[in-house]
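First the structure, in the form of structure tokens, and then the observations on it.
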Amino acid sequence: MITLQFSSTSHPASRLICWGTWSRHSHVDFVLPDGRLLGAVPGGVRVRPYDPSALRIERYHVDASDTVLSVALAQLGKHYDWPGALGLALRRNWQEDDAWFCSELVAWSFEQAGRPLLNAPQAWRLTPRDILLSPLLRQLK
């Protein structure tokens, strides 16, 4: 079972992402078994502690193997995909091959593990809101 955490903050960039994607969330992370978060953030793909300061946090389970986490963990240290994130906003594929933004990393990891979240062949086009539309997600109460 894989757990995903969707969140947003009061930071202007978070608010802009929410507004631009018509979503209540600007970010998505994997939740590791020890509670830490794995995701692509402006410093790159990192494991970091849970941050309770987010304004809105929702967690969802996905019935998938640990291969998904293994695939994502193999990306640790890769750069943040600034061109890809900007291209997403402008509807352009400026994705860098060895860099990730949050939803791109999550969608790609599930695809590589053989359990795509959506029937969308282009992970670089998916936002946290898009991932929330996956029928595979089950919200934690």
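The values are calculated or read from the model by the stated rules, or taken from the named source; none is laboratory data. Since we're looking at a predicted model, the values are computed, not measured. As a convention, Cβ positions derive from the backbone with ideal geometry for all residues, glycine included, and neighbour counts pool all protein chains shown.
Might you check whether a residue that is farther than 20 Å from SER7 by Cα, at pLDDT 85 or above and surrounded by 15 or more Cβ atoms within 10 Å (Cβ to Cβ) occurs anywhere in the range 49-65?
Just the residues of the range 49-65 that are farther than 20 Å from SER7 by Cα, to begin with: 63-65.
With at pLDDT 85 or above added as a condition, the list becomes 63-65.
Then drop every residue that is not surrounded by 15 or more Cβ atoms within 10 Å (Cβ to Cβ), which leaves 64.
Yes, there is a match, as at least one residue in the range 49-65 is farther than 20 Å from SER7 by Cα, at pLDDT 85 or above and surrounded by 15 or more Cβ atoms within 10 Å (Cβ to Cβ).
Can you find even one residue in the range 8-27 that is in contact with a His (Cβ under 7 Å, 6 or more places away or on another chain) and at pLDDT 85 or above?
Scanning the range 8-27, I find at least one residue that is in contact with a His (Cβ under 7 Å, 6 or more places away or on another chain) and at pLDDT 85 or above, so the answer is yes.
Among the residues of the range 58-85, which ones are part of a strand (DSSP E or B) and out of contact with any Asp or Glu (no Cβ under 9 Å at 6 or more places or on another chain)? Reasoning before the result, please.
Let us first name the residues in the range 58-85 that are part of a strand (DSSP E or B), namely 58-62, 79-80.
Matches in the range 58-85: GLU58, ARG59, TYR60, HIS61, VAL62, TYR80.
Is it fair to say SER109 is in contact (Cβ under 8 Å) with a residue 60 or more places away in the chain and in a helix (DSSP H, G or I)? Step through it out loud before you land on a result.
Values: in contact (Cβ under 8 Å) with a residue 60 or more places away in the chain: yes; in a helix (DSSP H, G or I): yes.
The answer is yes for SER109.
Report, ordered by the first and then the second residue, all pairs with beta carbons closer than 8 Å, sequence separation of six or more or different chains, a first member in the range 18-32 that is among the basic types (Lys, Arg), and a second member that is crowded, with 24+ Cβ neighbours inside 10 Å.
Pairs found: none.
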